[in-house]
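As structure tokens, the structure follows; a few thoughts come after it.
The values are calculated or read from the model by the stated rules, or taken from the named source; none is laboratory data. Nothing here was measured: the structure is a model prediction, and the numbers come from that model. Heads up, the Cβs are rebuilt from the backbone with ideal geometry, glycines too, and the neighbour counts pull from every protein chain shown. Protein only, heavy atoms only, side chains kept; ligands, DNA and RNA dropped before computing areas. Shrake-Rupley method; radii C 1.70, N 1.55, O 1.52, S 1.80 Å.
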Amino acid sequence: MTTALVLGGGLAGMAAAAALAPHVDTVIVVESDRLPAGPEPRRGLPQAHHNHVLMAGGAKALDALLPGTTARLYEAGAHHRKIGRFLLLGPDVWSRCSDGDAFAITCSRHLVDHTVRSQALAGGKVELIDGTKVIGLVGDQSRVTGARVEAEDGAVRVIRADLVVDATGSRSKATQWLTDLRVGPVKEDLLDTGLAYVGRTYEQPAGFGADFPGVLIQARPGSGPEAAGGALMPQEDGRWIVALMGPRGNHPPTDEAEFLAFARAMRHSVIGDLLAEARPVTPMRSARGLANRRRHFDRARMPEGFLALGDAVMILSPNFGTGMAVAAMGALALRTQLERSGFGPGLARRVQKAVAGIGAGPWQMAITNDRWFPGVETNLKLSGGDGQRKFGVRFAKVIADNPAVARRMQDISALVAPLSTMMSPSMMFAVMRGPQRPPLTAAEAIGQFPQLASVRPGAAPGRLPEPADAAQ
Ligand SMILES: Cc1cc2nc3c(=O)[nH]c(=O)nc-3n(C[C@H](O)[C@H](O)[C@H](O)COP(=O)(O)OP(=O)(O)OC[C@H]3O[C@@H](n4cnc5c(N)ncnc54)[C@H](O)[C@@H]3O)c2cc1C
């Protein structure tokens, strides 16, 4: 009789339960929240008040683990958006629309979690113990044999298991729990721009259709409004969700008028102009302390019978929209390893290595971008200096100009192609040649979307100024 115990019933936890179910007699998921019956907010998932896009790599992993997940999301009103069809102002230039296969699903995070959870629990093999908090691991340096959990009435008990999977997210205490068993230390990487989000949901104004494209203004390393970013995405039920974001020293405000002014003062006012016409349906919510953080369980001397997935391993700056995909792909790696070698010795180590491999590309993309923000705090030794920055700026301009390069980059961003494909000879040749056309003006970029023709810009800077040090 084999038992797997999953700590945390969020996205990584439910995906892990789905991966484990065919391979064990019992899967138990312990979750500190009382989980709602529908797509509703809950205390343990504060980030669900904010914009979440599910990248194609994650959508495919969820469909592999829980067939029919994306179909259910679409039935419930989620939108399928080609990455090349967002209105996108990158750190340097506006993007030309291009047709690749890479996509993202835009809907509320509540809907994603509800859909994944109901699918995972439907099979009957997964037992959910909610309203119960994990407070420690049980075992020793050689093997984890279970976890100590505390019910709402304060009663503490031990749940024994052959495999324990930590999926308690960004607030995971796994490194402390392992230290209590004299395991570790587990090295942690940190790169922190001091990023904060302020988010809100709106009714989509009449006149915009179900094919509203989604708008992204990416933050650009610098200070003041230059460093601000924003995303405005369609959700189910005819709603928009907006996220305004800024690094340390430029956090978005939570005052009504200042919020709109912040949105309008970004490098282009389009998000603010759209919001000015929309009716808010939720209060503003802020999220702070959004650092990149990676725990190297894969490199530590770990006991058998324990592994970690999702944000418990790696928290990515959310503006890349990759955290859920990495979590789902990690759970799929767990299933792959179980299919290959079952519950044999070394399972946890093999899965942890695979999970680290899945996260390596998204981590590199996030820190390569974020490292240039002034005042960044990090414990990493970062190589490459100004030359690398200039290369990045040039690359971004080529992506905005060259459809083949754009498609490759979209596949990488959506986690359907590895980061290594960015360095192929054809990509490098395109970067050496540089952009072949002048960058789009703001009017030309917005003009690609007939739906946005009615937007009246409060301020439109037109062609963006070149960074002083940018290579052409
Ligand atoms: C502002 C913001 C915006 C984001 N935007 C995106 C985006 O656009 N796209 C994207 O892919 N990702 C995004 N992310 C990242 C995404 O939210 C995470 O990567 C994802 O939630 C990770 O899933 P998880 O299951 O590992 O953790 P979580 O979803 O946080 O789940 C952890 C679960 O564990 C439970 N738990 C915690 N402690 C205990 C305990 N001691 N005992 C029992 N249960 C416990 C919690 O209640 C929760 O249910 C964003 C994050 C933030 C903060």
When every residue in region 171-207 that is open to solvent by 50 Å² or more (accessible area, probe 1.4 Å) and either touching a Leu at 6+ places or on another chain (Cβ under 9 Å) or within 9 Å of the ligand (Cβ to nearest atom) (or both) is compared, the one modelled with the lowest pLDDT is Pro185
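To keep it simple, each residue is scored yes or no on (1) out of contact with any strand residue (DSSP E or B) (no Cβ under 7 Å at 6 or more places or on another chain); (2) surrounded by fewer than 16 Cβ atoms within 10 Å (Cβ to Cβ); (3) in a loop (DSSP other than H, G, I, E, B).
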residue	(1), (2), (3)
Gly375	yes, yes, yes
Lys381	yes, yes, yes
Lys390	yes, yes, no
Ala404	yes, yes, no
Ile412	yes, no, no
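Name the one entry in Met329, Met302, Met284, Met365 that is open to solvent by 20 Å² or more (accessible area, probe 1.4 Å), touching a residue at least 12 places away in the same chain (Cβ under 8 Å) and over 29 Å from Pro213 (Cβ atoms). Walk me through it before giving the result.
Details: Met329 fails: over 29 Å from Pro213 (Cβ atoms); Met284 fails: over 29 Å from Pro213 (Cβ atoms); Met365 fails: over 29 Å from Pro213 (Cβ atoms).
Criteria check complete, one pass: Met302.
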Looking across region 45-67 at residues that are part of a loop (DSSP other than H, G, I, E, B) and surrounded by fewer than 22 Cβ atoms within 10 Å (Cβ to Cβ), the single one that is farthest from the ligand (Cβ to nearest atom) is Pro67
Notebook entry, point to check: Does Val144 meet the test of being β-branched (Val, Ile, Thr) and either assigned to a strand (DSSP E or B) or out of contact with any helix residue (DSSP H, G or I) (no Cβ under 7 Å at 6 or more places or on another chain) (or both)?
Noted result: yes
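For the structure I just gave you, tell me whether Ala445 is more than 29 Å from the chain's Cα centre (by Cα) and either open to solvent by less than 60 Å² (accessible area, probe 1.4 Å) or modelled with pLDDT under 95 (or both).
Details: more than 29 Å from the chain's Cα centre (by Cα): no; either open to solvent by less than 60 Å² (accessible area, probe 1.4 Å) or modelled with pLDDT under 95 (or both): yes.
Spelling it out, it is not the case that Ala445 is more than 29 Å from the chain's Cα centre (by Cα) and either open to solvent by less than 60 Å² (accessible area, probe 1.4 Å) or modelled with pLDDT under 95 (or both).
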Next on the checklist: With the structure loaded, tell me whether Val116 is closer than 28 Å to Gly289 by Cα and open to solvent by less than 30 Å² (accessible area, probe 1.4 Å) or whether it fails that test.
Outcome noted: yes
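Free of Cβ contacts under 8 Å to residues at least 60 places away in the same chain and in a loop (DSSP other than H, G, I, E, B): does that describe Ala206? Break it down into steps so the answer makes sense when it comes.
On the way: free of Cβ contacts under 8 Å to residues at least 60 places away in the same chain: yes; in a loop (DSSP other than H, G, I, E, B): yes.
Yes, satisfied.
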Going through region 418-438 in order, the residues found to be surrounded by fewer than 19 Cβ atoms within 10 Å (Cβ to Cβ) and assigned to a loop (DSSP other than H, G, I, E, B) are Pro418, Ser424, Gly434, Gln436, Arg437, Pro438
When region 239-251 is checked residue by residue, the ones that are open to solvent by 10 Å² or more (accessible area, probe 1.4 Å) and over 19 Å from Leu87 (Cα atoms) are Arg248, Gly249, Asn250, His251
When restricted to Leu307, Leu260, Leu274, the only residue part of a helix (DSSP H, G or I), more than 30 Å from Gly375 (Cβ to Cβ) and not charged (D, E, K, R) is Leu274
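Search region 160-170 for residues being within 13 Å of the ligand (Cβ to nearest atom) and assigned to a strand (DSSP E or B), and hand back the single one that is nearest to the chain's Cα centre (by Cα). Lay out the reasoning, then the answer.
We begin by selecting, within region 160-170, every residue within 13 Å of the ligand (Cβ to nearest atom); these are 164-170.
Pick out the ones that are also assigned to a strand (DSSP E or B) and you get 164-166.
Details: Val164: 24, Val165: 20, Asp166: 18 Å.
Here the residue is Asp166.
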Of (1) surrounded by fewer than 18 Cβ atoms within 10 Å (Cβ to Cβ); (2) modelled with pLDDT under 95, Gly100 satisfies every one except (1)
Those residues of region 106-144 which are farther than 30 Å from Ala78 by Cα, in contact (Cβ under 8 Å) with a residue 60 or more places away in the chain and either out of contact with any Asp or Glu (no Cβ under 8 Å at 6 or more places or on another chain) or within 10 Å of the ligand (Cβ to nearest atom) (or both) amount to Thr132, Lys133, Val134, Gly139, Asp140, Gln141
Given the conditions (1) within 16 Å of the ligand (Cβ to nearest atom); (2) surrounded by fewer than 23 Cβ atoms within 10 Å (Cβ to Cβ); (3) touching a residue at least 24 places away in the same chain (Cβ under 8 Å), every one holds for Arg42 apart from (3)
Only unsatisfied item for Arg279, checking (1) touching a strand residue (DSSP E or B) at 6+ places or on another chain (Cβ under 7 Å); (2) surrounded by 24 or more Cβ atoms within 10 Å (Cβ to Cβ), is (2)
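Answer yes if at least one residue in region 16-35 is in a helix (DSSP H, G or I), under 30 Å from Gln410 (Cβ atoms) and either open to solvent by less than 10 Å² (accessible area, probe 1.4 Å) or among the β-branched types (Val, Ile, Thr) (or both), and no otherwise.
At the first step, the residues of region 16-35 found to be in a helix (DSSP H, G or I) are 16-23.
If we keep only those that are under 30 Å from Gln410 (Cβ atoms) as well, we get 16, 18-19.
This time we only want the ones that are either open to solvent by less than 10 Å² (accessible area, probe 1.4 Å) or among the β-branched types (Val, Ile, Thr) (or both), so: 16, 19.
Yes - at least one qualifying residue is present in region 16-35.
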Residues of region 212-257 being outside any strand (DSSP E or B), at pLDDT 95 or above and of a type in the set (D, E, K, R), in sequence order, are Glu236
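Take Ile135 and decide whether it is among the aliphatic types (A, V, I, L, M), outside any helix (DSSP H, G or I) and open to solvent by 40 Å² or more (accessible area, probe 1.4 Å).
Working: among the aliphatic types (A, V, I, L, M): yes; outside any helix (DSSP H, G or I): yes; open to solvent by 40 Å² or more (accessible area, probe 1.4 Å): yes.
Taking the combined requirement at face value, the residue satisfies it.
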Residues of region 77-119 being of a type in the set (D, E, K, R) and not in a helix (DSSP H, G or I), in sequence order, are Arg81, Lys82, Asp92, Arg96, Asp99, Asp101
